[in-house]
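First up is the structure itself, then whatever we jot down about it.
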């Protein structure tokens, strides 16, 4: 063996010795104490990862973008900062089934301001100023001194280098949204964590930095800004975008006692309580259906034969076509929305097939829009659907009295039924649930008519419930043509 080869071997031994000692010291640090096990309610004194945190981390193996839109005080910053430290060090817990990096990684973090970056992200990863190594990243893994940023705010870290288990260093650069979009341009990254909601242009720039590396994005925030364009994108994203959205509420946080929850809720205004406690986007001027989810939604069950049924359809012009499938228990006067439909960019024949999925004998309520004529064929829209076998009621949705077809009376009556427990929605109706949580009025009290397609369809059916029908008997059903109801087409 040559002298040069001997020296190289000695250096490798020394490097392995340094790593071995670092790993030994790490076993006593925060990351290993708090993230080695899954939380067990039977042993609450043993700190561990909550089941929802385990799920969120593990979804990283499938979803390149994960969004944690949650309540306050549930541990969202703890979750994301711990994951940053895990990837930066390469020290994955035994339970980990999420994304893995086998070498050092390049990481960006994002906060609203320099103060937030220092007080939340920086402290979570490094510990308080002057106590580096007491956060999620152990002191033995921090290489050299962190690079500081001249930002007009004291003690703001710009970049740190971390010793990865592979021996290849990781880098973590702490950015802010106030730096603007251009500062988010640059070299590719492996992981980006955005803490709190950012402007849309910064989000898209950040996403671009991950393309070349097949990297991952983590976004964590409480939606206090309401239904912003970014929030809408997360909630209605195309499956091809591969965005995993997780909602976590106070009910998922065992560390919050009932007394603490009561204390917190008492300090919030009524308008923001659902946002703070449940992670539901804030509606600054009032929800139209201010009903608790648990009071409105119910577990699915088989619809009894004696329940009468009716569908509602909202035609898509410059928005998606939507359907609501409803059942009415006339004995208790309880109304159920048991299924929903929402699709954009398809033809009447496609929507007609979808609307018949629960039975072509079920009548369908429709709005005045159905009287409009198609520019090509000259047919009324309602007749195009009828032509494809959908049982359309003879008249557009309206009340028989002075309420007519006005929107407000229908919403008021729906709300009255909800308050009395006589309007229920199956939990599987995800689109209805999304719309209900954001359906609101503006500062002038006017209904904001966006993203209300399924609710509108349900309202048409509810207004026309007098025409709801029970399922025909099997014998009669076998002797009539599909799409032609036993009672005669209206």
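The values are calculated or read from the model by the stated rules, or taken from the named source; none is laboratory data. As the structure is a prediction and not an experimental result, all values here were calculated from the model. In this analysis, Cβ positions are derived from the backbone assuming ideal geometry, glycine residues included, and neighbour counts consider all displayed protein chains.
Numerical summary
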item: In region 42-59, the residues that are within 26 Å of residue 245 (Cβ to Cβ), assigned to a loop (DSSP other than H, G, I, E, B) and in contact (Cβ under 8 Å) with a residue 60 or more places away in the chain; result: 50
item: Residue within region 138-150 that is touching a residue at least 24 places away in the same chain (Cβ under 8 Å) and under 20 Å from residue 209 (Cβ atoms) present; result: yes
item: Selection from region 437-448 of residues that are surrounded by 15 or more Cβ atoms within 10 Å (Cβ to Cβ) and touching a helix residue (DSSP H, G or I) at 6+ places or on another chain (Cβ under 7 Å); result: 439
item: Residue 128 vs. criteria exposed (fewer than 14 other Cβ atoms within 10 Å of the Cβ), assigned by TED's automatic domain parsing to the domain that holds residue 228 and without any contact (Cβ under 8 Å) to a residue 40 or more places away in the chain; result: yes
item: Test: residue in region 201-224 that is modelled with pLDDT under 90, assigned by TED's automatic domain parsing to the domain that holds residue 61 and surrounded by fewer than 19 Cβ atoms within 10 Å (Cβ to Cβ); result: yes
item: Any hit, region 472-486, residues being modelled with pLDDT under 80, surrounded by 13 or more Cβ atoms within 10 Å (Cβ to Cβ) and touching a helix residue (DSSP H, G or I) at 6+ places or on another chain (Cβ under 6 Å); result: yes
item: Condition check for residue 246: over 25 Å from residue 226 (Cβ atoms) and either within 19 Å of the chain's Cα centre (by Cα) or outside the structural domain of residue 67 (by TED's automatic domain parsing) (or both); result: no
item: Candidate set: region 65-78, residues that are part of a helix (DSSP H, G or I) and touching a strand residue (DSSP E or B) at 6+ places or on another chain (Cβ under 7 Å); chosen: the one surrounded by the most Cβ atoms within 10 Å (Cβ to Cβ); result: 76
item: So residue 287, is it at pLDDT below 90 and either more than 18 Å from residue 71 (Cα to Cα) or under 26 Å from the mean Cα position of the chain (by Cα) (or both); result: yes
item: Candidates 369, 374, filtered to the one that is more than 22 Å from residue 434 (Cα to Cα), surrounded by fewer than 20 Cβ atoms within 10 Å (Cβ to Cβ), in contact (Cβ under 8 Å) with a residue 12 or more places away in the chain and in contact with a helix residue (DSSP H, G or I) (Cβ under 7 Å, 6 or more places away or on another chain); result: 369
item: Residues that are touching a strand residue (DSSP E or B) at 6+ places or on another chain (Cβ under 8 Å) and assigned to a loop (DSSP other than H, G, I, E, B), drawn from region 102-115; result: 104, 105, 112, 113
item: Region 273-297, residues that are surrounded by 15 or more Cβ atoms within 10 Å (Cβ to Cβ) and outside any loop (DSSP other than H, G, I, E, B); result: 273, 274, 275, 276, 277, 278, 287, 293, 296, 297
item: Number of positions in region 377-393 that are in a loop (DSSP other than H, G, I, E, B), modelled with pLDDT of 95 or more and out of contact with any helix residue (DSSP H, G or I) (no Cβ under 8 Å at 6 or more places or on another chain); result: 1
